[in-house]
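A.B. asks: My structure is below; once you've seen it, I'll send some questions.
Bear in mind that the values in this text are calculations on the coordinates, not laboratory data. Remember, it's a predicted structure, so these values are computed and weren't measured experimentally. Methodologically, a virtual Cβ is constructed for each residue, glycine included, from the backbone with ideal geometry; neighbour enumeration extends over all protein chains shown.
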Amino acid sequence: MKRIFKNKAALAGAVFIALVIFAAALAPLIAPQDPSSQELTQRLRPPSAAHLLGTDDLGRDVFSRMIYGARVSISVGFFAVLITVVIGCFIGMLSGYFGGVTDSVLMRFTDIMLCFPTFFLILIVIAFFEPNIYNVMIVIGLTSWTGLARIVRAEVLSVREREFVLASKMLAVGKPRLFFVHILPNVISPIIVYAAIGIGGAILTESGLSFLGLGVQPPMSSWGQILMQGKDYIYIAWWLSLFPGIAILLTVLSFNMIGEFLRDVFDPKT
Amino acid sequence: MFLEVANLTKTYITKEFFSEKKFLALDDVSFSLNEGEFLSVIGSSGSGKTTLGRILANILDFDKGSVKYFGKEMREYGTSELSGIVQMIFQNPYASLNPKLKIRSSFMEGLAGAKNSDTEGIIEKTLKSVGLEKSILDNYPHQFSGGQRQRIAVARILLKKPKLIIADEPFASLDIYSQNQMLDIFSGIKKYGGVSVMLITHDIAAAARFAPRMIIMDSGRIIKDDTTDNVFNEKKNEYIMELVSSMEI
């Protein structure tokens, strides 16, 4: 824990993420205005004391919309990665532990999944189903587990041959305990690192989808969606694109910094 | 006879794209062991001694031949039954304990299925026999030295009360002092009786101190199975003579 105070980048990242989560959780208390209330007399106003980050084309307060948008971005990030981790670990552990035919079948399936250009796969799926925040989470989760599955498989392959696993096997320890007490805790570090970086990636994908109009639908807001609306007015209202862009950038960067930090912590060789 | 090994053969196959590489690790190995008997298995790297140990410990499967404990084929035993017969100590003390588990949890695994309810008492007694205090139970493996970890590993398998302990190079990464401590622990086990120990090593000096009987292996075959004295008086086989002379330097 002390080490995070020495790593300035990771500390800044953690503080920023904490702020975003705090703002998202307490959005109704923090947001100065209702994110959907329109004031048509106040359209496209630049940042001022009344509207910290200006207003959009319908006179809505960009700052309030961004705070509510943080809810979407953060929850998409966490839930998509949760799905990724569950599927990736499950497939990776099965594949690595049992080997043989199970391994071949699961890894060829993973290879096939890896061959799809993920973003276009997501586009197709969203086009078939209704574009909403839940579908976005699920689709991102279902398409991004492949890398993790391979990492977990490789780790399990090496850990299951380690002496302490063999020793426990000889003591006739049951399979579930072998799995969850001996193998899983010893492969958990790369999983955590992957998850931390994956959250950033999921937020980026959500923003991309919302930018294309396939993510969160109005009147709900997300950072990507505000960015999309901003593109029409980029010459006259730079604040509409700049602030959500910075928010996405900083959030993704923060998660990556935390991921890098965790990698250093878990890898004793560095 | 407690343990009978007959015509044991094991080939490692490495699959490459279009070809298979075969390596004959054990070639027609036969020997037997009495209850309570101590034996060292000696040979250079690649002679098949670790493979033999792992097969006897039920970690590795074999191709041909038979391994019988108490006259019954090893393959006919269940895993938990075999765990009460044979246990193994590994070469690398730093990898033989789960780094994420406290010593107590690792020990409880050795006691799972035991009927006696006085677990604390049994653990304390076993720890004493390897020269460790009960206070170590609440620590993690990384808080101990290599020698201590090796003794913890021995205590853990003693909880199972096995009939045969296979020790695969248990001294290889230990200093002379820890090595002597380990040898003392084994002498203690010998005095107690009823437990056979098979020491796998390339260190003929340690083997000579350890047991009156030696098996010498080369290229997967047993080339000599005799008393330690006879091995030291060998005049014909160059490989054995070289092994013996390596000790005298």
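A.B. asks: Here are some conditions: (1) surrounded by fewer than 16 Cβ atoms within 10 Å (Cβ to Cβ); (2) more than 10 Å from chain A (Cβ to nearest Cβ); (3) not aromatic (Phe, Trp, Tyr). B:Ile136 meets all but one. Which one does it not meet?
C.D. replies: Of everything listed in (1) surrounded by fewer than 16 Cβ atoms within 10 Å (Cβ to Cβ); (2) more than 10 Å from chain A (Cβ to nearest Cβ); (3) not aromatic (Phe, Trp, Tyr), B:Ile136 misses just condition (1).
A.B. asks: Among the residues of region A:61-83, is any under 16 Å from A:Thr110 (Cα atoms) and part of a helix (DSSP H, G or I)?
C.D. replies: Scanning region A:61-83, I find at least one residue that is under 16 Å from A:Thr110 (Cα atoms) and part of a helix (DSSP H, G or I), so the answer is yes.
A.B. asks: Same structure again: For the subset of region B:80-128 comprising residues that are of a type in the set (Ser, Thr, Tyr) and touching a Leu at 6+ places or on another chain (Cβ under 7 Å), which member is nearest to the other protein chains (Cβ to nearest Cβ)?
C.D. replies: B:Ser83
A.B. asks: Is at least one residue of region A:182-190 away from chain B (no Cβ under 14 Å), of a type outside the set (Lys, Arg) and surrounded by fewer than 21 Cβ atoms within 10 Å (Cβ to Cβ)?
C.D. replies: yes
A.B. asks: Please tell me if A:Ser48 is polar (S, T, N, Q) and crowded, with 18+ Cβ neighbours inside 10 Å.
C.D. replies: no
A.B. asks: So which residues in region B:32-66 are part of a strand (DSSP E or B) and either within 14 Å of another protein chain (Cβ to nearest Cβ) or under 16 Å from the mean Cα position of the chain (by Cα) (or both), if there are any at all?
C.D. replies: Those that are part of a strand (DSSP E or B) and either within 14 Å of another protein chain (Cβ to nearest Cβ) or under 16 Å from the mean Cα position of the chain (by Cα) (or both): B:Ser32, B:Leu33, B:Phe38, B:Leu39, B:Ser40, B:Val41, B:Ile42.
A.B. asks: For region A:84-108, which positions are closer than 18 Å to A:Leu184 by Cβ and either among the hydrophobic types (A, V, I, L, M, F, W, C) or not in a helix (DSSP H, G or I) (or both)?
C.D. replies: A:Val85, A:Val86, A:Ile87, A:Cys89, A:Phe90, A:Ile91, A:Met93, A:Leu94, A:Phe98, A:Gly99, A:Leu106
A.B. asks: Among the residues of region B:1-31, which ones are acidic (Asp, Glu) and either within 25 Å of B:Ile165 (Cβ to Cβ) or not in a strand (DSSP E or B) (or both)?
C.D. replies: B:Glu4, B:Glu16 - these are the residues of region B:1-31 that are acidic (Asp, Glu) and either within 25 Å of B:Ile165 (Cβ to Cβ) or not in a strand (DSSP E or B) (or both).
A.B. asks: I'd like to verify a number: residues in region B:103-124 that are over 20 Å from A:Val181 (Cβ atoms), surrounded by 13 or more Cβ atoms within 10 Å (Cβ to Cβ) and not acidic (Asp, Glu), how many?
C.D. replies: 1
A.B. asks: Another one. Quick one: which helices (runs of 4 or more DSSP H) lie wholly within region A:121-181 and hold at least 3 residues that are more than 11 Å from chain B (Cβ to nearest Cβ) and touching a residue at least 40 places away in the same chain (Cβ under 8 Å)?
C.D. replies: Of the helices (runs of 4 or more DSSP H) lying wholly inside region A:121-181, those with at least 3 residues that are more than 11 Å from chain B (Cβ to nearest Cβ) and touching a residue at least 40 places away in the same chain (Cβ under 8 Å) span A:133-143, A:146-159.
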